[in-house]
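Novice: Here it is, the structure, as structure tokens.
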Amino acid sequence: MNYSMLRYLFGVVLLIEAAFLALPLVVSVIYWESSGICFLITMAVAGILGFLLTRWKPARRDMYAREGFVFTSVAWIVISLIGAVPFTLSGQIPSYLDAVFETVSGFTTTGASILTDVEALDNGMLFWRSFTHWLGGMGILVFMLALVNMGGQANHLLRAESPGPTVSKMVPNMRKSTAILYGIYIAMTVLEVILLCLGGMPLFDSLCTSFGTAGTGGFGIKNASMGAYPSYYLQGVVSVFMVLFGINFNVYFFILMKKYAMAWRNSEVRVYLAIIAASTLVITVNILNLFPSVLDALHHAFFAVASIITTTGFSTADFDLWPQLSRLILVMLMVVGACAGSTGGGVKVSRMVILYRVLSSELHKLLHPRSVKVLTLDGKAVSRETIQGIQSYMTLYFLIAVGSMLLVSLDNHDFVTTVTSVVATLNNIGPGLSLVGPTGNFSIFSAPAKIVLALDMLFGRLELFPMLILLMPSTWRKN
């Protein structure tokens, strides 16, 4: 283990977080809010620690997969612990554990909240809370790679922060690739802000809403979430952008390069859009009697489907009151999630596509034992290692989900609350059903349950393996 290199990189991350804390500080100053001092103190502490850790260059700069996984996991924990400090210092979230839960939920783009009254927070805190979504959506480490030239070492960090976009096939230079991704990410965010402002949403609200949409996080600044804006235009803009941010960012790169055939060839995106269309249609028919017109039912069904499959978590209506079929479809979408290489969470559509084709291949072999069939995706052969990796991931996903449900069940809440709270956090969605539905929150859980659910958010955002590697004794041995 190259500890000197890890120490240096942690320092860089703390310096980056300190720089980002300046933004909510500016917001607090603009609105003359006393909480600005809390951001200033946190920024100073993070900056000083970052300076001290980067004061001495590492003796060896070599870094391998082990260091990449360890750094990624610990870095996400550290930025969450630091990011929670302003909430507690200001007294707006008095419990530090609750503040950590809220911040982990923000950075992992989950959107699960312990707050019973979001509107009680001042503007600086609301901005920081939503901005953590934007930072976590693309990944702070991806941002770091866009700034710091790490050469071939960057691959290990990007691989560990896997829910972020896959950039290895864009351009040969990894730093340029991450810069391109952030350019697309920023441009799409700015476009959404402009469209929301054109619809009459205040600039501050537009910024916070766009941060939550871009990171597919779903922290709202109103207690009624997007239901506080009774405009089909505003809700429609958010619906469309939730779907767009759930698409693999490589597709946007191909479109920019005018490689339209390569963009359309992505079977995952086609399946993703087909799932959205089919789910919206079924739910619309199922909830027709709850709304005055077909248009109303279609609008709310599409918003709910887009919000859940992309794991954003915004809401326009309490879908926990919808018929059982609609609720079951939404729970299934929670698990499926968005595309790989997007800011969305969940198992990812690509894994589902590959698992489906593996199953089809196995059934074909039963009928034709001597046949040889190569499994392909987008015209390329899927390696045995990839298939085994997906199967291992799904097994581990199931074990962690079941284990978490058993631990959370000690709080003795109803079955639906217990199950969907784990599903919602492990898949980085936010709202579940019953007591943790769109009108509920996670304040009902005990401290141990909150710790389990916060860990589930980190497991889900980092796709399980990096967090588990921290528990292996061999991980911490020196090279």
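The values are calculated or read from the model by the stated rules, or taken from the named source; none is laboratory data. Everything numeric here is computed off the predicted structure, so don't read it as measured data. Reconstructed Cβ throughout: ideal geometry from the backbone, glycine too, with neighbour counts over all protein chains shown. Calculation scope for accessible area: heavy atoms of the full protein, side chains included, ligands and nucleic acids excluded. Shrake-Rupley method; radii C 1.70, N 1.55, O 1.52, S 1.80 Å.
Novice: Which FRET efficiency, nearest 0.05, do Ser474 and Asn289 yield, Cβ-Cβ r, R0 56 Å?
Specialist: Here the calculated transfer efficiency is 0.45.
Novice: What distance in nm separates the simple spin-label points at Arg265 and Ser443, each placed 7 Å from Cα in the Cβ direction?
Specialist: 5.3 nm
Novice: On to the next question. What number, in percent, do you get for the relative contact order of segment 246-365 if the mean sequence gap of Cα pairs under 8 Å and at least 6 apart is divided by its residue count?
Specialist: 27 percent
Novice: May I ask for the equivalent-ellipsoid semi-axes of segment 220-269, computed as the square root of five times each C-alpha gyration tensor eigenvalue and listed largest first in whole Å?
Specialist: The answer is 32, 10, 9 Å, longest axis first.
Novice: In whole angstrom, note down how far apart the Cα centers of segment 1-51 and segment 360-398 are.
Specialist: 46 Å
Novice: Moving on to the next point. Calculate, axis by axis, the spread of Cα positions in segment 70-114 along the three principal axes, and write the results as whole Å, longest axis first.
Specialist: Here the Cα extents, ordered largest to smallest, are 32, 19, 12 Å.
Novice: Under 16 Å from the Cα of Lys380, which aspartates and glutamates turn up, not counting those fewer than eight places away in the same chain?
Specialist: Straight-line reach from Lys380, under 16 Å: Glu268.
Novice: Just how much of Ser371 is accessible, in Å², when a 1.4 Å probe is used and the result is rounded to the nearest 10?
Specialist: That residue has around 40 Å² of solvent-accessible surface.
Novice: OK, next. Over 10 Å intervals from 0, what percent of Cα-Cα pairs in segment 330-369 sits in each interval?
Specialist: 30, 36, 22, 11, 0
Novice: Something else about it: Can you pull a Stokes-Einstein diffusion coefficient for segment 388-459 at 10 °C (1.306 mPa s), Rh from Kirkwood over Cα pairs, as a whole number of µm²/s?
Specialist: 130 µm²/s
Novice: How large are Rg and Dmax for the chain when calculated on the C-alpha trace, in angstrom?
Specialist: Here Rg and the maximum Cα pair distance are 21.8, 75 Å.
Novice: Of all the accessible heavy-atom surface of segment 1-102, with the other protein chains kept in place and a 1.4 Å probe, what percent is carbon and sulfur?
Specialist: 76 percent
Novice: By how many nm would the segment from Val282 to Val78 lengthen if fully extended, with 0.36 nm per residue of separation less the alpha-carbon distance?
Specialist: Result: 69.2 nm gained on full extension.
Novice: Ratio of segment 249-372's C-alpha Rg to 2.2 N^0.38 Å, to two decimals?
Specialist: Here the answer is 1.27, to two decimals.
Novice: Let me ask something else. With an 8 Å cut-off on Cα pairs and a minimum separation of 6 or more residues, tell me the relative contact order of the chain in percent.
Specialist: In percent, rounded to a whole number, it is 18.
Novice: A follow-up question, please. Which value in nm describes the separation of the simple spin-label points at Ile37 and Phe204, placed 7 Å from the Cα toward the beta carbon?
Specialist: Between Ile37 and Phe204, the simple spin-label model gives 2.1 nm.
Novice: Can you give the charge dipole size of segment 360-439 about its Cα centre, rounded to the nearest 20 debye, using +1 on the beta carbon of Lys and Arg and -1 on the beta carbon of Asp and Glu?
Specialist: 540 debye
Novice: How big is the C-alpha Rg of segment 201-293 next to the rule-of-thumb value 2.2 N^0.38 Å, as a ratio?
Specialist: Here the Cα radius of gyration is 1.30 times the empirical estimate.
Novice: Keeping all protein chains in place, calculate the accessible area per residue for the chain (probe 1.4 angstrom), answer in Å².
Specialist: Here the residues of the chain average 41 Å² of exposed surface.
Novice: For the chain, what is the mean residue ellipticity at 222 nm derived from helices alone (per DSSP H run of n ≥ 4: -39500 (n - 2.57); sum divided by total residues; nearest 500 deg cm²/dmol)?
Specialist: After summing the helix terms and dividing by the residues of the chain, the value is -20000 deg cm²/dmol.
Novice: Along Cα→Cβ, 7 Å out, is where each label goes; now give me the distance between the ones at Thr395 and Ala228 in nm to one decimal.
Specialist: Distance between the two pseudo-spin positions: 4.6 nm.
Novice: Sticking with this one: Kindly state, to the nearest 0.05, the FRET efficiency for Leu325 paired with Val358, given R0 = 25 Å and r defined as their beta-carbon distance.
Specialist: Calculated transfer efficiency: 0.30.
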